[in-house]
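Colleague: Have a look at the structure that comes next, please.
The values are calculated or read from the model by the stated rules, or taken from the named source; none is laboratory data. The structure presented is a predicted model; accordingly, all values stated were derived computationally and were not measured. As a convention, Cβ positions derive from the backbone with ideal geometry for all residues, glycine included, and neighbour counts pool all protein chains shown. These accessible areas exclude ligands, DNA and RNA; they are computed on the full protein's heavy atoms, side chains included. Shrake-Rupley method; radii C 1.70, N 1.55, O 1.52, S 1.80 Å.
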Amino acid sequence: MISPLEAVLVIPAIAVVLLVFIPDYRIGAILNVFAAALTFLAGVALLVTDRYRSDILIVDDFNVYLVTLTTFVAFTTSIFSASYIGHELEIGRLTPTFLRFYHALYQAMLGAMNLALVANNIGLLWVGVEVATLSTVMMVGIYRTPAAVEAAWKYFILGSVGIALAFFGTILVYLVSQEVLGEGLPAMAWDTMVKNAAKFDAKMLSLAFVFLLVGYGTKVGLAPFHAWLPDAHSEGPTPISAVLSGLLLNVALYALLRFKIVLAGNPSTLNVGAIMATLGLISLVFAAFMLYRRRDIKRLFAYSSIEHMGLITFAFGMGGPLANFAGLLHMTMHSLTKSAIFFTVGHISQVKGTQKLSEIRGLTESHPLLGWGLVTGVVAIAGLPPLGIFMSEFLIVSSTFARQPLLALPLVFGLLIALGALFLRVSDVAFGKPTGSTAPVKASRLPLIAHLSLVLAAGIYLPGPLVIWFQNVARLLG
């Protein structure tokens, strides 16, 4: 019998092979959901198993939290994907052949993200992020329209440049580490490097982080490295938009945070926190203003993702127990909320036959579930009480006011600008006289309800064990 750690890697790998050879769409969709469910159960099992480490893999409080979150969102998105992609097949936007590879690539992406999260080896982490990137690149271009191919190509080029820079930074870290730890796997293991970071060459380690920040920062979608993200969201299938915003951006940020922990162990390195806080704040304010110029509903929420990843990066850059706790909570709430928003947006664009905001009106009247689901999601993502993002944003702002009052001013300014933009755009979409098709939507309600319910519950009450868990990870981050 395989362990939960092995299961989160093996189940997606087996599913990839099976899905490639299954021609029937319905069987493929069912298998995709079943494999994602098994992987989620394995992720949950990791919570109650003993912590583990080798020179290749590691399970600690930080990554077990993200594995659980990743496998849960991947599972609920696979349920949404089954009905969404079925409709795309009916109207001829996709063919059965493409769908075979779509489901296989979905599992490849999930397995690669899990691999990156549980890797105790900086090279294996890089491989996981690269495989996840290539999988999503092919899914973004799966419609084979000129716009989709262009978006996939832009994503591939910018992603490749970013991952190449991250690879060079990884090599530099290994060169620094092997001077102290010797050649071989121990010199590439996270926990070993953290324990010996004070002995590393601080200048070379600082140079490595610059490459890592630009490389993985491109994957996070931080400005000014964000250009691929809006196109990938708007032209690819909506389930992939949900996974990109809710999961893959987190994995790239996780990689940065692991390296940040290493540099924190050497007091002579550059101030990584200040750089991350600055870059995060720039991303937040930039994306907040860009929200006003969006005319495509999926591009609108793509820039919202840039805003929130900027906020999370800012929180981790500030550091300290409270800011780190708030960053972890916000990462969780953003993943759940943004994927729920894309669940509604996907079916809205299908039933209306357009993604243009100007051609979508009165959803709460024509399609109450989708309309009110979108309104609830926007209220949540805007940071209003009593939903979970309000709590995380409140903690981030409070920590900033207490420690760096001047930084709190542009932080709050950016959040208010983004709130105004979201309400301005969504008010017309949700309310008013309905336009376009009023045909019923064949949508699974479970993923949307599950995500928004968790976000509401987190805004009202956080269980004690979850708080302790986040506190442990916050201390680990330094």
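Colleague: Can you name the number of the only condition in (1) more than 22 Å from Leu328 (Cβ to Cβ); (2) part of a helix (DSSP H, G or I) that Leu94 fails?
Modeller: The failed condition is (2).
Colleague: I want to confirm something. Restricting to the range 265-301 and keeping residues that are in contact (Cβ under 8 Å) with a residue 40 or more places away in the chain and among the charged types (D, E, K, R), which single residue is surrounded by the fewest Cβ atoms within 10 Å (Cβ to Cβ)?
Modeller: Ranking the qualifying residues of the range 265-301, first place goes to Arg295.
Colleague: Which one of the conditions (1) farther than 21 Å from Leu448 by Cβ; (2) assigned to a helix (DSSP H, G or I); (3) hydroxyl-bearing (Ser, Thr, Tyr) does Tyr84 fail to meet, given that it meets all the rest?
Modeller: (1)
Colleague: Name every residue in the range 188-208 that is surrounded by fewer than 22 Cβ atoms within 10 Å (Cβ to Cβ) and either in contact with a helix residue (DSSP H, G or I) (Cβ under 7 Å, 6 or more places away or on another chain) or of a type outside the set (A, V, I, L, M) (or both), in order of residue number.
Modeller: Selection gives Asp191, Thr192, Val194, Lys195, Asn196, Ala197, Lys199, Asp201, Lys203, Met204, Ser206, Leu207.
Colleague: Okay, next question. For the range 160-178, state whether one or more residues are without any contact (Cβ under 8 Å) to a residue 60 or more places away in the chain, of a type outside the set (Lys, Arg) and closer than 28 Å to Thr95 by Cβ.
Modeller: yes
Colleague: Quick test of your reading of the structure: Thr39 fulfils all but one of (1) closer than 25 Å to Thr192 by Cβ; (2) within 20 Å of the chain's Cα centre (by Cα). Name the failing condition by number.
Modeller: Among (1) closer than 25 Å to Thr192 by Cβ; (2) within 20 Å of the chain's Cα centre (by Cα), the lone unmet condition for Thr39 is (1).
Colleague: Going through the range 344-381 one residue at a time, which ones are open to solvent by less than 10 Å² (accessible area, probe 1.4 Å) and either within 18 Å of the chain's Cα centre (by Cα) or under 24 Å from Thr400 (Cβ atoms) (or both)?
Modeller: Thr344, Val345, Gly346, Gly377, Val378, Ala380, Ile381
Colleague: Looking only at the range 120-167, how many residues end up being over 19 Å from the mean Cα position of the chain (by Cα) and hydrophobic (A, V, I, L, M, F, W, C)?
Modeller: Residues meeting the conditions: 12.
Colleague: Ok, one more. When you scan the range 149-200, how many residues do you find that are of a type outside the set (Val, Ile, Thr) and under 21 Å from Gly236 (Cα atoms)? Working first, answer last.
Modeller: Here is the first cut: in the range 149-200, the ones of a type outside the set (Val, Ile, Thr) are 150-156, 158-160, 162, 164-169, 172, 174-175, 177-179, 181-191, 193, 195-200.
Still in the running and under 21 Å from Gly236 (Cα atoms): 150-156, 158-160, 162.
Adding up the residues that qualify gives 11.
Colleague: Please specify each residue of the range 28-40 satisfying the condition of being closer than 18 Å to Pro239 by Cα and open to solvent by 40 Å² or more (accessible area, probe 1.4 Å).
Modeller: Correct list: Ile30, Phe34, Phe40.
Colleague: Tally the residues that are among the aliphatic types (A, V, I, L, M), under 27 Å from Ile22 (Cα atoms) and open to solvent by 10 Å² or more (accessible area, probe 1.4 Å), restricting the search to the range 100-126.
Modeller: 3
Colleague: Which one is farthest from His233 (Cα to Cα), of the residues in the range 138-148 that are open to solvent by 20 Å² or more (accessible area, probe 1.4 Å) and assigned to a helix (DSSP H, G or I)?
Modeller: Filtering first and then ranking leaves Pro146.
Colleague: Using beta carbons and a limit of 6 Å, which pairs, at least six apart or on different chains, have the first residue in the range 38-62 and under 19 Å from Leu124 (Cα atoms) and the second one of a type in the set (Ser, Thr, Tyr) and surrounded by 15 or more Cβ atoms within 10 Å (Cβ to Cβ)?
Modeller: So the pair list comes out as Val59/Tyr52.
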